[in-house]
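The values are calculated or read from the model by the stated rules, or taken from the named source; none is laboratory data. These numbers come from a predicted model, not from an experiment. Note: ideal-geometry Cβ built from the backbone for every residue, glycine included; neighbour counts use all protein chains shown.
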Amino acid sequence: MRLSRCWFCSAQGARCGARLSPSLVAGVVIDAGTGSPVRKAYVSLSTAEDNPAEALAITDSSGRFTFANVPDGRYRLNARCDGYQATWYGAPTPKHAPGVIALRAGETRQEFVLRLPRLGAISGVVLDQDGDPVDNTTVSLWMPWFERGKPGFAQQGTGVTNERGEYRVTNVVPGHYLVMVSGAGRQAMRIHPESVASAQPVDQRFQPQFGIQYFPATERLSEAALLTVAPGKEIDGINFHMSARSPTILRGTVVPPPELPPAVGIQVTGMAHESPERSQYFGAGAGPPKYDFEIAGVLPGEYLLMASVSAGGRTYRGVQPAVVKGGAENQVTLKLEPGIDLAGSLKIEGGNDELDPLVMLTPGDAIPYNDTPPQAHVKANGSFILRGVVPGIWDIGVQPVPEGGYIKSMRLGEQDVLTADMIIRPDTTEPLQIVVSARGGILEGDVKTDSGKEAGPANVLAAPDGKYSHVVSFYMAVTTDEKGHFKLKGLTPGTYKLYAFEALQYCAWCDPAFLKPFASQGEPVEVTEGVNPSKEVRLIRDFKK
């Protein structure tokens, strides 16, 4: 049989050894609610491999798609379209593992039907205290999330009010949401030129302002209620009536270090302490000789203040919480602390000497960092220096880690900072020592039903057990093949429990309480470097979380 170019190799300008005979994958994409065809949906057919190759098709006016000249193999099929939730063939919901299509040479498969559920929407109107519309104001949606084992929120969508105060947030994935409108800095009073033509000048800094409001009609995050959005449903009438509040003055002083060069200005910024939106709300400059600052137009509330400056080749930062009260003298002091140059070393055991590793830090304390976080390339002798690391909590990253490898240890002096926070202080002098191993744990196995049959596609989670159960980076999740076989690579050696879920939300394990109801259903395993004995895991069905 003559060898010809296959569809994957054609895209890459290469040849493969696949024996090609007429093979075809085709089907239709329809609206899950109405059954009507979905036109101009993007359909991808990808190989079910560690590094998949992919081909793309677009549905026609009847919702149909076709992939011709497909080599034999194992494939996954996905469809997506604006206004719909993406769908995998064989997965009833996004929490289920996608199905696998086993295609034989010369086989024609035209029976595939991909049902796209419509995404939802939230709409309403934002009015002021007099019932007038508030335009050009952002309404945002926030989904409950866990970061570093602590509850918080992740932004999922926004809308902006029009001249009638109306907003609409579209493409909302089914789930539970915090709805927030932010009028920070927006004056709550309209002043017409003719009304002030003969009046005294108005100090705009002290005009009533809007703040933050959460659904349903509260200014405190702790009192907010979550809104449930069902698939394809629009929730209308989520209205807000913003309350005008009188701002005040916040005064303060920045205490600079003795070595700060003269005539250097320091930037002071503030953000709302309780809001899930970690962005700047107000700012001012503090300059020599006293480094005093005054910020007018600040609404009463709890804030996090930050002072920062880079001078003389060094970085400085000060952080201080502040409670601003209305009609009171509000005074705060921020002390600048110098960043340090954090020296360290990186050792790769059994790795590729041609790697060019990069060590990176990211803030781990939810305090915004206004510059590029410290990072450094590792020299040939394994040394590196991270410059300007300001005091605080920092997470450590290494790129690239050899394929199948893992980070074996991270120590700041004698302190373990792989499984505990790395806290940098102005007087920190200990080196950061990192060891990466190219021989992570490899664990294969099979998921079976209670009756001992092949489970089919499932989600397998390897969860560290015992004292390292809080280390999110040690968790690993994979999907099985069509027979329930799984392979985990690059595991950090240690004690684990294996769980096999029929349906699993991504990063559900970031919630420390997530696995407690299933503790007795986990399969214990001790993982060592290299290949480990295979394991059999029972399927946990009907998980709805």
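Odds and ends about this structure:
- Of residues in the range 415-442 being more than 28 Å from the chain's Cα centre (by Cα) and among the β-branched types (Val, Ile, Thr), the one surrounded by the most Cβ atoms within 10 Å (Cβ to Cβ): THR428
- The range 491-521 - residue that is surrounded by fewer than 16 Cβ atoms within 10 Å (Cβ to Cβ) and touching a helix residue (DSSP H, G or I) at 6+ places or on another chain (Cβ under 9 Å) and, of those, modelled with the lowest pLDDT: CYS507
- Qualifying residue in the range 257-274 (condition: in contact with a helix residue (DSSP H, G or I) (Cβ under 7 Å, 6 or more places away or on another chain) and assigned to a loop (DSSP other than H, G, I, E, B)): yes
- Residue check, PRO464 surrounded by 15 or more Cβ atoms within 10 Å (Cβ to Cβ) and either under 23 Å from LYS516 (Cα atoms) or of a type in the set (Phe, Trp, Tyr) (or both): yes
- Of all residues in the range 59-102, those being basic (Lys, Arg) and over 21 Å from VAL478 (Cα atoms) number 2.
- Those residues of the range 37-70 which are closer than 17 Å to PHE112 by Cβ and among the small types (Gly, Ala, Ser), in sequence order: ALA41, SER44, SER46, ALA48, ALA55, ALA57, SER62, GLY63, ALA68
- LYS448 being free of Cβ contacts under 8 Å to residues at least 24 places away in the same chain and charged (D, E, K, R): no
- The set of residues in the range 352-386 being more than 30 Å from HIS273 (Cβ to Cβ) and under 25 Å from the mean Cα position of the chain (by Cα) consists of PRO357, LEU358, VAL359, ALA376.
- Considering ASP130, ASP135, the condition of being without any contact (Cβ under 8 Å) to a residue 12 or more places away in the chain and surrounded by fewer than 21 Cβ atoms within 10 Å (Cβ to Cβ) is satisfied by ASP130 alone.
- Taking every residue in the range 324-345 that is farther than 24 Å from VAL390 by Cβ and outside the structural domain of PHE384 (by TED's automatic domain parsing) and pairing it with any residue that is β-branched (Val, Ile, Thr) and assigned to a strand (DSSP E or B), at least 6 positions away or on another chain, the pairs with Cβ-Cβ distances below 6 Å are VAL324/VAL298; GLY326/THR248; ASN330/VAL324.
- Annotation note: Cβ proximity below 9 Å between a residue of the range 248-265 that is buried (at least 20 other Cβ atoms within 10 Å of the Cβ) and a residue that is part of a loop (DSSP other than H, G, I, E, B) and among the β-branched types (Val, Ile, Thr) (sequence gap 6+ or interchain) occurs for PRO256/VAL264.
- Residue satisfying condition, being outside any loop (DSSP other than H, G, I, E, B), under 29 Å from ASN51 (Cβ atoms) and not assigned by TED's automatic domain parsing to the domain that holds VAL478, within set VAL447, VAL398: VAL398
- Selection count where residues are at pLDDT 50 or above, buried (at least 16 other Cβ atoms within 10 Å of the Cβ) and not β-branched (Val, Ile, Thr), scope the range 1-25: 2
- Summed over the range 211-232, residues that are more than 25 Å from the chain's Cα centre (by Cα) and surrounded by fewer than 20 Cβ atoms within 10 Å (Cβ to Cβ) total 4.
- For GLY165, the stated conditions hold: it is at positive phi and either modelled with pLDDT of 95 or more or buried (at least 16 other Cβ atoms within 10 Å of the Cβ) (or both).
- Any hit, the range 482-490, residues being crowded, with 19+ Cβ neighbours inside 10 Å and in contact with a His (Cβ under 9 Å, 6 or more places away or on another chain): no
- Taking the range 275-303 as the range and being assigned to a loop (DSSP other than H, G, I, E, B) and either without any contact (Cβ under 8 Å) to a residue 40 or more places away in the chain or polar (S, T, N, Q) (or both) as the test, the residues that pass are SER275, SER279, GLN280, GLY287, PRO288, PRO289, LYS290, TYR291.
- Residue list for the range 273-330, filter: β-branched (Val, Ile, Thr) and surrounded by 13 or more Cβ atoms within 10 Å (Cβ to Cβ): ILE295, VAL298, VAL309, THR315, VAL319, VAL324
- VAL389 meets each of the listed conditions (1) more than 30 Å from the chain's Cα centre (by Cα); (2) outside the structural domain of GLN267 (by TED's automatic domain parsing) apart from (1).
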